[in-house]
Every structure is written in structure tokens, then in C-alpha cells.
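Engineer: Got a structure for you, questions after.
The values are calculated or read from the model by the stated rules, or taken from the named source; none is laboratory data. Remember, it's a predicted structure, so these values are computed and weren't measured experimentally. FYI the Cβ positions are ideal-geometry reconstructions off the backbone, even for glycines, and counts take in every protein chain you see. Remember, those area values only see protein heavy atoms, side chains included, never the ligands or the DNA or RNA. Shrake-Rupley method; radii C 1.70, N 1.55, O 1.52, S 1.80 Å.
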Amino acid sequence: MQLVSVIVTCYKDSATLGRAIESVISQSYSPIEIIVVNDCSPETELIERCLASYPQVRYLRNPINVGLATARNNGLALASGDLIAFLDADDEYHQHKIAMQMYALEDNTVVTCGVINVLPGGRKVGESRRARLVSNVDSLLYRNTLNGAGLLASKKLLLQFGGFSSGLRSCEDFDLWLRLLSAGVKVKDIGLPLYLYHYNPAGLSKNYRNISKWELEVLQLHAFRVKSEWRDSQCYANMVLVWLFRHLIRSELANDKELWRQTCANMSLLDNFPLTRMVCLLAAYSRIMVIPAFLIRLSRNKALF
């Protein structure tokens, strides 16, 4: 049985850290090593008080706040396991999460899973879907449909790719997917909702302005890694347009004027495609995205968009 190192990153999550650790301890798979990385949290005293109840947990405290990507990389460097999984301190695992992923793991492949969204009040939203093998980077260019937090991969493979991009303060998992797929590594999504994501209104991934900014940063990094002819093509412009439309919808969902202004400023990415840029401007100023935003509100909680 191969040792799996689970890297739990923690910043302002001292109140839920114990729950996250317990979900790893209760895994049906063993052996597992737990590494908690404290990203220079103002709650350090509370974090360390919690960890006193778990002497088997390895602990690393970053001397300065470095963000999720570098915090995960620091945990990766410390890990003893041949295989690596990640968990945010405000989330938890299903009991069989690691076991099911280990069963699916193959050479030159990383594994992820589906998500159960736990909403305020405890209501859970999530369902199983068909397993799939993602091998084409183009399938993610218009929407990131993979759960980055649910990743399980070999340590050797992650180190080969330099881990997460330390310059990113969000969407580091999206960037990793694009780099892995571009290099021919396959991603197996087993479809089962085995990662329990607890929706936190103050959480990083639900800060619409922040995540929208870093999504475009990741896409630009990808664009400059591929051939220049693609960056001059209408396919590139269409990709940017779809993401800007998504950001306009978010601005309507959150009634966020600053995000709307940020999205309009980002339309400069379409300066070489005047017709496409005009379509985007018309959508912004006509506020037509109020319609899909309204439909999202009707169909599901806006936090899940």
C-alpha cells in the first residue's frame, strides 16, 4: 500500500481544522500522512491548540503569508508519500475519497472527483456523474469543469511540473490542469462527489472579483505557452469573450459595479478583434446578462455559479 500525503492548508480556518483532519483520519484507505500548512495565520495560536489533539499530524508554519499555491508547494516539499492529495481546512473528505481515487489511478494520469457543496444551514447539493477521462486541453478553455481541490497525483509528477504556480493567488488548480493536459498528462474524473466543499461567503473561491481576475491571468499564461498563431486567431478571441460574459453574469449575480468595471477594462484583451470587442461592450452596457443571472438564481443558489 502506497503512502498518501494529504496536505491541509490553513489560514483563517482554525474553527474547522479539526473537522478536516477527522475526515482524513476516518478514510477507509491507509496508510495516510497528514501535513497541516499554516500560512502565517493570525489564528496561529488557535490552530496550534487544535493540533495539540493530533500528535500524528506533521505541522509547518510559513514565516510569511504566501498564498494557497505556495503553501501547497511547501507541503509538497515536506511530504513523505509517493502520492499527494490536498484538502482546504474549511472542507472535508468523504470517507472513501482516497480509496476510490487510488483504485482509479494509472500511469501518466492524475485523478480528481466530484464535489458535494454544503450550503449554510447544512443543505447539501451534489450528485454523481459519469466518470470521464480528460486528455485534451481545449476542453477546459471555455470552462474549468474539473475539481482542483479533489486532486490526487504522484509526488514525482507534481514535482516534475514544479507544483503550483507560485505567482498565482487564485485559480492555481486551473493553471495546473492546463499545464498537465498540454504536456500529455491525462486527468481522470471519477465523477463521484467525494470532496465536501463548505460554502463560505468570505472564502477565496467565492470572491467574484478575485477569481475573475486570476482566471484571465491563467488563460493569458496558457496563451503565451502555446504558439503565437493561436493568440492571433478568432478561437482565442472567442475564448476570452466567453470568460468575459461569465464575469458580467457574476457582476449581475453579486450586484457588483466594481466587477462590471473590471470586466469592461479587461475587454482590452480583445483590442485586436474589434467586432468581438464590440459584441462584449454591447452585452455589458445593455445589461443583457441580467437574464442568465436571473435564471441562475431561479435554478440554483448563486454561490454555486
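Engineer: If only one of 237, 223, 284 is open to solvent by less than 30 Å² (accessible area, probe 1.4 Å) and more than 26 Å from residue 169 (Cβ to Cβ), which one is it? Spell out the reasoning first.
Structural biologist: On the way: 223 fails: more than 26 Å from residue 169 (Cβ to Cβ); 284 fails: more than 26 Å from residue 169 (Cβ to Cβ).
None of the others qualify; the one that does is 237.
Engineer: If I filter segment 79-90 for residues that are of a type in the set (Gly, Ala, Ser) and open to solvent by 20 Å² or more (accessible area, probe 1.4 Å), do I get at least one hit? Step through it out loud before you land on a result.
Structural biologist: Here is the first cut: in segment 79-90, the ones of a type in the set (Gly, Ala, Ser) are 79-81, 85, 89.
Those left that are additionally open to solvent by 20 Å² or more (accessible area, probe 1.4 Å): 80.
Scanning segment 79-90 turns up at least one residue that is of a type in the set (Gly, Ala, Ser) and open to solvent by 20 Å² or more (accessible area, probe 1.4 Å).
Engineer: Answer yes if at least one residue in segment 131-140 is open to solvent by 40 Å² or more (accessible area, probe 1.4 Å), touching a strand residue (DSSP E or B) at 6+ places or on another chain (Cβ under 8 Å), part of a loop (DSSP other than H, G, I, E, B) and free of Cβ contacts under 8 Å to residues at least 60 places away in the same chain, and no otherwise. Walk me through it before giving the result.
Structural biologist: Residues of segment 131-140 that are open to solvent by 40 Å² or more (accessible area, probe 1.4 Å), as a first pass: 131-133, 135-136, 138-139.
When the remaining residues are screened for being touching a strand residue (DSSP E or B) at 6+ places or on another chain (Cβ under 8 Å), the result is 131-133, 135.
Then keep just the ones that are part of a loop (DSSP other than H, G, I, E, B); that gives 131, 135.
Checking which are free of Cβ contacts under 8 Å to residues at least 60 places away in the same chain leaves us with 135.
Yes, there is a match, as at least one residue in segment 131-140 is open to solvent by 40 Å² or more (accessible area, probe 1.4 Å), touching a strand residue (DSSP E or B) at 6+ places or on another chain (Cβ under 8 Å), part of a loop (DSSP other than H, G, I, E, B) and free of Cβ contacts under 8 Å to residues at least 60 places away in the same chain.
Engineer: Any chance segment 250-267 includes a residue that's modelled with pLDDT of 95 or more, open to solvent by less than 10 Å² (accessible area, probe 1.4 Å) and under 30 Å from residue 183 (Cβ atoms)?
Structural biologist: No, that holds for no residue.
Engineer: Test residue 279 against the stated conditions and say whether it is surrounded by 12 or more Cβ atoms within 10 Å (Cβ to Cβ), in a helix (DSSP H, G or I), over 26 Å from the mean Cα position of the chain (by Cα) and touching a residue at least 12 places away in the same chain (Cβ under 8 Å).
Structural biologist: Details: surrounded by 12 or more Cβ atoms within 10 Å (Cβ to Cβ): yes; in a helix (DSSP H, G or I): yes; over 26 Å from the mean Cα position of the chain (by Cα): yes; touching a residue at least 12 places away in the same chain (Cβ under 8 Å): yes.
For residue 279, the condition - surrounded by 12 or more Cβ atoms within 10 Å (Cβ to Cβ), in a helix (DSSP H, G or I), over 26 Å from the mean Cα position of the chain (by Cα) and touching a residue at least 12 places away in the same chain (Cβ under 8 Å) - is met.
Engineer: Sticking with this one: Out of the helices (runs of 4 or more DSSP H) lying entirely within segment 162-273, which hold 1 or more residues that are in contact with a Gly (Cβ under 7 Å, 6 or more places away or on another chain) and either on the phi < 0 side of the Ramachandran plot or of a type outside the set (Lys, Arg) (or both)?
Structural biologist: In segment 162-273, the matching helices (runs of 4 or more DSSP H) lie at 172-182.
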